[in-house]
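Colleague: Structure in C-alpha cells, see below.
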Amino acid sequence: MRGGFRLDVKQASPFIELRHQLHQIPEPGFQEFKTQQHLLNYLETLPEHRRIIRTWKTGILVKVPGKNPKKCIGYRTDMDGLPMEEQTSYPFGSLHEGYMHACGHDMHMAIALGILTHFVHHETDDDLLFIFQPAEEGPGGALPMLKSPEFNEWRPDVIFALHVAPEYPVGTIALRPGLLFANTSELFIDLHGTGGHAARPHLANDMVIACAQLVQQLQTIVSRNLDPLDAAIITIGKIEAGTKQNIIADHARLEGTIRTKSIESMNLVKSRIRELVRGIETGFQCRADIDWGCNYCQVYNDEKWTKSFMEFVDKHTPYELVQCDESMAGEDFGYFLNEIPGFMFWLGVETPYGLHHPQMEPRDEAIPVAVSVMTKYLEHLGNRPQT
C-alpha cells in the first residue's frame with residue numbers, strides 16, 4: 001500500500017508565510033538584495049552550530065553538516081522575479097512596481113527553506129548543501145555560480161531541484177529521465193538603414209520593410225530547414241521601429257527567443273539566422289547586428305537518479321507520480337546537471353494561468369507536498385543503513 005509522511009498545511013504555515021513575504025519583493029537578476037537579506041534574516045534564526053552560511057553575489061549557499069559524511073547532496077532554488085505588472089487577487093501582491101514572481105521562485109525559495117529547516121533539526125549522515133541561486137530569468141546565474149570558488153569548495157556529488165507546474169493538480173509530481181527542458185537562446189537583431197520623409201521613400205532606406213521581410217524569413221527555418229521529427233521554436237516577441245507615422249525608420253529591432261531539443265538543432269538554427277540576416281543586409285543595403293543574449297543549455301535528468309526518485313515517490317509517498325513529456329521551456333539548472341548528476345521535477349500547483357502570466361496564482365497547498373517529499377527522499381539518501 002502506498003503511504004508515507006505527509007506534511008499538512010498547518011505544519012507548513014511558517015513557510016507559506018515566508019512565501020507570501022518573498023512574493024512581495026520580486027527583484028531582477030543579480031539585484032535580489034532585499035530577497036537575499038530576507039532569506040539571511042530567517043537563516044540566522046536557525047541553530048548556528050547546524051548551518052554554515054556563505055553568500056555569492058546576491059545568492060546564498062548553506063551547508064548543513066552530516067554526522068559522518070561520505071558525500072554531499074545538493075538542493076537548488078532560484079530567487080529572481082520577472083519584469084511584469086502583477087494582476088493577481090493575492091492580498092500579498094508585489095510591492096515592487098513592474099516586477100512580479102510569475103514563475104514560482106517565491107514558492108521555490110519557501111520550499112527550500114522548509115527542507116533546510118527540517119535538516120537543521122534532524123541530522124543525517126551526509127552533508128547537505130542548499131543553493132539559493134540568483135538570476136535564473138536572466139542574465140543567468142547558474143553557470144557563474146557553478147564556476148565560483150565558493151560553490152566548488154562545497155561542490156555536491158548529486159543535485160536536485162523542482163519547478164512549479166500550473167497545469168498539474170496539487171499533489172502531483174511529474175518528471176522523466178533524459179530531456180526535461182529545452183536548449184534556449186535569446187535573440188536580438190538590429191537593422192540600420194537611412195531615415196527620411198514618408199513622401200520621399202526613394203531617398204531613404206526603410207528598416208520597417210526590411211524588418212517585416214526578416215520576420216517572415218525567420219519562420220521558414222523550423223518549417224524548411226529542420227527535420228520534421230525534431231522540434232524547435234523561433235518566436236519574435238517584440239519589434240521596435242520608427243518614431244512617427246510620416247518618418248521612414250532608419251532603425252528596427254527584433255527581440256525573440258529560440259528553443260530546441262538538441263544542441264545540434266540550436267547550432268543549425270543560429271547558422272540559418274546568420275545567413276538570412278546577411279541576405280537582408282545585401283537585399284536591403286543595410287547593416288545588421290545579431291546578439292544571442294542569454295543562452296541556457298538543456299535540462300537533462302540523470303536516468304539512474306530520476307528512476308530512483310520516481311520509484312521512491314511511487315512506493316513511499318501518497319502523491320501522484322506522472323511521467324511527463326519534454327518541455328520547450330528553458331531553465332539554467334541545466335548547467336548544474338551538465339556537471340553533476342541529478343534531476344529536476346515538476347510540482348503541481350493547480351492554477352489556470354501559466355508560467356510568466358500576470359495572473360498566475362500557484363496554490364500554497366503545494367508547499368507542504370514538496371517539503372514532505374524532498375525531506376523524506378533526502379533522508380532516504382543521506383542516512384546509510386546501520387551495519
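The values are calculated or read from the model by the stated rules, or taken from the named source; none is laboratory data. Owing to the predicted nature of the structure, the values given are computational and were not obtained by experimental measurement. Positions of Cβ are backbone-derived with ideal geometry, glycine not excepted, and every protein chain shown enters the neighbour counts. Protein only, heavy atoms only, side chains kept; ligands, DNA and RNA dropped before computing areas. Shrake-Rupley method; radii C 1.70, N 1.55, O 1.52, S 1.80 Å.
Colleague: Just for the chain, what percent of DSSP beta bridges are antiparallel, to the closest 5?
Modeller: Antiparallel: roughly 65 percent of the beta bridges in the chain.
Colleague: While we're on this one: What percentage of the solvent-accessible surface of the chain, computed with a 1.4 Å probe over protein heavy atoms, is contributed by carbon and sulfur atoms?
Modeller: Carbon and sulfur: 50 percent of the exposed surface of the chain.
Colleague: Could you give the size of the charge dipole of the chain about its Cα centre, using +1 on the Cβ of each K and R and -1 on the Cβ of each D and E, expressed in debye and rounded to the nearest 20?
Modeller: Rounded to the nearest 20 debye, it is 560 debye.
Colleague: What angle do you read, to the nearest 10 degrees and between 0 and 90, between the alpha-carbon axis of helix 366-382 and the longest principal axis of the chain?
Modeller: Between helix and principal axis, roughly 60 degrees.
Colleague: Just to confirm the filter: which chymotrypsin sites (Phe, Trp or Tyr not before Pro) across region 33-131 are DSSP coil and have at most 14 other Cβ within 10 angstrom of their Cβ?
Modeller: Loop-located and lightly packed - F92.
Colleague: For region 1-96, count the residues as N, evaluate 2.2 N^0.38 Å, and divide the Cα radius of gyration by that value, please.
Modeller: 1.32
Colleague: At R0 = 30 Å, how high is the FRET efficiency between E150 and E264 if r is their beta carbon distance? Nearest 0.05 is fine.
Modeller: E(calc), rounded to 0.05, equals 0.30.
Colleague: Then there's this: So how long is each side of region 49-103 along the principal axes, counting just the alpha-carbon atoms, biggest first, in Å?
Modeller: 49, 24, 19
Colleague: Going highest first, how would you order 376-384, 275-283 by mean Cβ packing within 10 Å?
Modeller: Averaged packing, sorted descending, gives the order 376-384, 275-283.
Colleague: Show the residues, 5+ positions off or on another chain, whose built amide H is closer than 5 Å to the amide H of G98.
Modeller: E86
Colleague: Determine the per residue accessible area of the chain with all protein chains present and a 1.4 angstrom probe, expressed in square angstrom.
Modeller: 44 Å²
Colleague: Express in whole angstrom the spacing between the alpha-carbon centres of region 107-137 and region 11-53.
Modeller: 11 Å
Colleague: Another question about this same structure. Starting from the Cα of Y353, move 7 Å in the Cα-to-Cβ direction to define the label point; list residues of region 13-34 whose amide nitrogen is under 20 Å from there.
Modeller: 19-28
Colleague: For q = 0.20, 0.26 Å⁻¹, what log10 I(q)/I(0) does region 137-181 give under the Debye formula with an equal point scatterer on each alpha carbon and no solvent?
Modeller: So the normalised log intensities work out to -0.91, -1.05.
Colleague: Roughly how many debye, to the nearest 20, is the charge dipole of region 112-229 about its Cα centre, given +1 on each Lys and Arg Cβ, -1 on each Asp and Glu Cβ, and no other charges?
Modeller: Dipole magnitude for region 112-229 comes out near 760 debye.
Colleague: Considering Cα pairs under 8 angstrom that are at least six residues apart, work out the relative contact order of the chain and quote it in whole percent.
Modeller: 25 percent
Colleague: Show me the ranking of peptides 135-146, 241-252 by mean Cβ neighbours inside 10 Å, starting with the highest.
Modeller: 135-146, 241-252
Colleague: Oh, and also: Going toward the positive end of the dipole of the chain, with +1 on Lys and Arg Cβ and -1 on Asp and Glu Cβ, which of G114, N338, V322 do you reach last?
Modeller: N338
Colleague: Could you identify which residue out of D78, D364, D332 has the top mean-square fluctuation in a GNM of the chain using Cα springs shorter than 10 Å?
Modeller: Comparing D78, D364, D332 in a Gaussian network model of the chain, the most mobile one is D364.
Colleague: Give me the distance between the Cα centres of region 202-216 and region 62-100, rounded to whole Å.
Modeller: 43 Å
Colleague: To the nearest 0.05, how large is the calculated FRET efficiency for E303 and A231 if R₀ is 22 Å and r is the Cβ-Cβ distance?
Modeller: 0.60
Colleague: Next question. Can you pull a Stokes-Einstein diffusion coefficient for the chain at 10 °C (1.306 mPa s), Rh from Kirkwood over Cα pairs, as a whole number of µm²/s?
Modeller: The calculation lands on 70 µm²/s.
Colleague: Enter the angle in degrees (range 0 to 90, nearest 10) between the Cα long axis of helix 207-218 and the first principal axis of the Cα atoms of the chain, meaning the one along which they spread out most.
Modeller: Helix 207-218 sits at roughly 50 degrees to that axis.
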